Amino acid sequence: MTTTLLPSPLGPILIEADARWLRAIHILGDRTAPDDIDDAPAEGPAAEAIRQLQAYFDDGATAFDLPLLPAATPRGAALRDAIVAIPAGDTLSYGALARIAGSAPRAIGQACARNPFPIVVPCHRVVGSGGTIGHYSGGRGIITKTWLLDHERRPERRGGLL
């Protein structure tokens, strides 16, 4: 497995991949990157994740096509697919997404909290009832979630630093 670091407006993003799968993305925010980062240029899924995430930050590209490590269960895969289906610039409440996915709001919240692929599986687009921001486990939490939503909604803000 390789570990690669991508500088971003949100702070460093740690990408974990092997030759076949993208295994995880971690928005580090204020946290320090681990010492065991690979110095070699990224290859395979890691290189493609870097390319697509850079396009997201640079141009606002929101269509990701990456070989994500499959979810552990069919239910997890269904919830992941439901989150991915939320269009960029839009949000859905935990309850609304639960109704669409045939699930419960708590299950949606747990899927978001455990999401190993923030940005790519856009759990930042899932908000509380009445449009409240809700929670976010990546980077600097709600600050990161708000930045991502603003980035997708307002083209003139793209490229701004967090």
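Would you check if G128 is open to solvent by less than 30 Å² (accessible area, probe 1.4 Å) and within 22 Å of P7 (Cα to Cα)?
no
Would you check which residues across segment 100-125 are farther than 27 Å from P12 by Cα and surrounded by 14 or more Cβ atoms within 10 Å (Cβ to Cβ) and list them?
A101, S103, P105, A107
Out of everything in segment 24-62 that is out of contact with any Ser or Thr (no Cβ under 8 Å at 6 or more places or on another chain) and among the hydroxyl-bearing types (S, T, Y), what residue ends up being modelled with the highest pLDDT?
Here the answer is T62.
Does segment 12-41 hold any residues that are in contact with an Asp or Glu (Cβ under 9 Å, 6 or more places away or on another chain), open to solvent by 20 Å² or more (accessible area, probe 1.4 Å) and under 24 Å from H124 (Cβ atoms), and which are they?
R23, H26
Mind listing whichever residues of segment 118-134 are under 15 Å from A78 (Cα atoms) and in contact with a Lys or Arg (Cβ under 9 Å, 6 or more places away or on another chain)?
V121, C123
The values are calculated or read from the model by the stated rules, or taken from the named source; none is laboratory data. No experiment lies behind these values; they were computed from the predicted model shown. Glycine also receives a Cβ, built like all others from the backbone with ideal geometry; neighbour counts cover every protein chain displayed. Heads up: the accessible areas ignore ligands, DNA and RNA and are worked out on the full protein's heavy atoms, side chains in. Shrake-Rupley method; radii C 1.70, N 1.55, O 1.52, S 1.80 Å.
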